[in-house]
Every structure is written in structure tokens, then in C-alpha cells.
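The values are calculated or read from the model by the stated rules, or taken from the named source; none is laboratory data. It should be emphasised that the depicted structure is a prediction, and the values quoted were computed from it without experimental measurement. The accessibility values were calculated without ligands, DNA or RNA, using every heavy atom of the protein model including side chains. Shrake-Rupley method; radii C 1.70, N 1.55, O 1.52, S 1.80 Å.
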Amino acid sequence: MLILAIAALSSAHASTPEPVHAAAAHNEALVRKAFTDWSTGNGTVFALLSPDVVWTVHGSGSVAGTYKGVEAFLKGAAAPLTGRLARPLVPKVHAIWAVGDTVISRFEAESVTTGGRPYRNQYVWIFRMEDGVVVEAEAFLDLAAYDKVVAENTAR
């Protein structure tokens, strides 16, 4: 019985199509380049979003929830913060992992608020990708730090 189980696992592993690994590598490269472009001021990760992306911000802060569509996400979750920053966020990637159609990034980002104070936060974003674009995203970050910036700074 044990030999049959091992044989089944071996044949299942052997039949894993190579394109799954190629797709993961391709998706990881796309996300890594987008973060590199963002960190050098030559673009943003948001360029990878499908117009119909479903983005969930986890937690209990003011922007926690699910946004349907890139415009809803940018207006409802990104703009309240970025509008209170004196300059764009600059990310520093700690790690990016890809498995199948999922890419996970762990990074920190910093800027200066319109009130002149530093803003720093750590993030984990989980992207599900199809055909090179993000169709679902989940974000984990310190929402208390986000809310503090929004509450204590004037929008530009």
C-alpha cells in the first residue's frame, strides 16, 4: 500500500506541467520589474492591475475592505494616503515569491507627509495573476499608521 502511495505521488509530481513553473517565473519577473520601476520613480506596481481587479485590504482601519475595480481601489484606498504625502512612496522589497498564478511581495515603503513627518509602513501584497495582470490582490499593512497620516495631514 505504501509503495502505491509513493508511486502515485511520484507520477503526480512527474506530470506537473512545466508551463506552471514558467508562468510563476514570468509573473514573478513582472512584479519584480514593477517594484524596481516604482522604486526608481519610473512607474508603479499599479500598472499591473486589471481594470476589474478585486483588491482586499485586510484589517480594521478606515480603508479595510474589498474594492472592485482599479478606479475604486485607487480612489478609496490609495488616494487618501498618497494625497497626504509630499512625495511618492518609495518601496524597498525584502522578498518576492511566486507559485503558479500567485505572487507574494513583502516590502516596506516610506515617504514624507504633507505635514513634514516621515511615513513608513511594512506591507505584504498577494497577487493572483492571469495573462500578466493582477486580477485579485490582498494587502496587509499597519492600518493604524495609514489612518494617522490621513487624520493628521492636509491633502495636497
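What the table shows:
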quantity: Extended-chain gain in nm, criterion 0.36 nm per residue less alpha-carbon gap, ARG156 and ARG120; calculated: 11.1 nm
quantity: Residue-span extension gain [ASP37 to ALA144] - 0.36 nm each, minus C-alpha spacing; calculated: 35.8 nm
quantity: Helix-only [θ]222 nm of the chain, DSSP H runs n ≥ 4, -39500 (n - 2.57) each, per residue, nearest 500; calculated: -10000 deg cm²/dmol
quantity: Heavy-atom accessible area per residue - the chain, 1.4 Å, Å²; calculated: 57
quantity: ALA86 long-range amide H proximity, modeled H, under 5 Å; calculated: VAL112, THR113, THR114
quantity: The chain - percent of accessible surface contributed by carbon and sulfur, probe 1.4 Å; calculated: 60
quantity: Paired Rg and Dmax values of the range 65-117, which use every Cα atom, in angstrom; calculated: 14.0, 43
quantity: Difference of contour (0.36 nm per residue) and Cα-Cα distance, ALA47 to HIS94; calculated: 14.9 nm
quantity: Angle between the chain longest axis and helix 2-14 axis [Cα atoms, degrees, rounded to 10]; calculated: 60
quantity: Nearest-10 value in Å² for the accessible area of ASP147, using the 1.4 Å probe; calculated: 50
quantity: Evaluated over the range 92-151, the Cα radius of gyration and Dmax, each in Å; calculated: 13.9, 43
quantity: Using alpha-carbon coordinates, inclination of helix 18-39 to the longest axis of the chain, degrees; calculated: 20
